[in-house]
Structure formats: C-alpha cells, structure tokens
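The values are calculated or read from the model by the stated rules, or taken from the named source; none is laboratory data. Worth saying up front: this structure is predicted, and the values here are computed from it rather than measured. As a convention, Cβ positions derive from the backbone with ideal geometry for all residues, glycine included, and neighbour counts pool all protein chains shown.
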Amino acid sequence: MTAELPPAQAVEGRLLDALATEDDQWLWEVEWSVNAICPEVPLHDRIQLARQVVNSLLVDDRITLWKGQWPGGAVEPLEMGNVDRLQVDDLPWTEPEGTDLHVVIRMPVAAS
C-alpha cells in the first residue's frame, strides 16, 4: 500500500491555525506538520505539498514571508529572489541547520 499525503486543505488549515495562535511559523514547520501526519511519505513529496500550500496562501495574500534569523525570528520581508529560490531549493523547507535561508511565515498585518 502506498502512503498518501493529506489533502492540501488540511495542511493549510493546520498552518493557519498555528499562525492564529502562535503568530509566526518557520517555513520548515509546514513540512514537519505533514511529516507528523504521514512520516512514511517520501520527503520530496512532503516538501512539494508544503510548497503548494505556502504558494497558494502567498498568492491569495493570506500570508507573508519574512527573512528570518535562526533562532531569533523575522527580520525583514523576504526578497523576491529568495521567494523564487524557495521554488527550487528544498533545504529551507526541512531543517534550520541545513540552510542559509531561514524563512518566517506570518499573517499579513491588517491595514488600519
């Protein structure tokens, strides 16, 4: 039997719930959340699902991405070049010690 990934909507819901209660999430926490549900699924597939969820929320302006300083937190909005890098580089999606690009996910600040 082949291991199955959870639906993207379930992963999205978990991320949005975490953001609502914890303010920030590190990018790799999305893959870790998927791993907690289905650790038998290959890492590449879990990263692809995490990437799909984050990209969808980003396009819909439901999240913002920030350059982070591990373990300190967000320091500045993520530059477009680094957003593009996330489409091809799997390391920022998996481990804080394995990459030089640390990304924080936040809810957009409401306009006043």
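Observations, loosely collected:
- Tally of residues being β-branched (Val, Ile, Thr) and either more than 13 Å from Val11 (Cβ to Cβ) or surrounded by fewer than 18 Cβ atoms within 10 Å (Cβ to Cβ) (or both) across segment 26-40: 1
Matching residues to (1) at positive phi; (2) of a type in the set (A, V, I, L, M):
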| residue | (1), (2) |
| --- | --- |
| Ala36 | no, yes |
| Val54 | no, yes |
| Asp61 | yes, no |
| Glu76 | no, no |
| Met80 | no, yes |
| Asp84 | no, no |
| Trp93 | no, no |
| Asp100 | no, no |
| Pro108 | no, no |
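- Residue check, Leu58 more than 20 Å from Glu4 (Cα to Cα) and either modelled with pLDDT of 95 or more or surrounded by 15 or more Cβ atoms within 10 Å (Cβ to Cβ) (or both): yes
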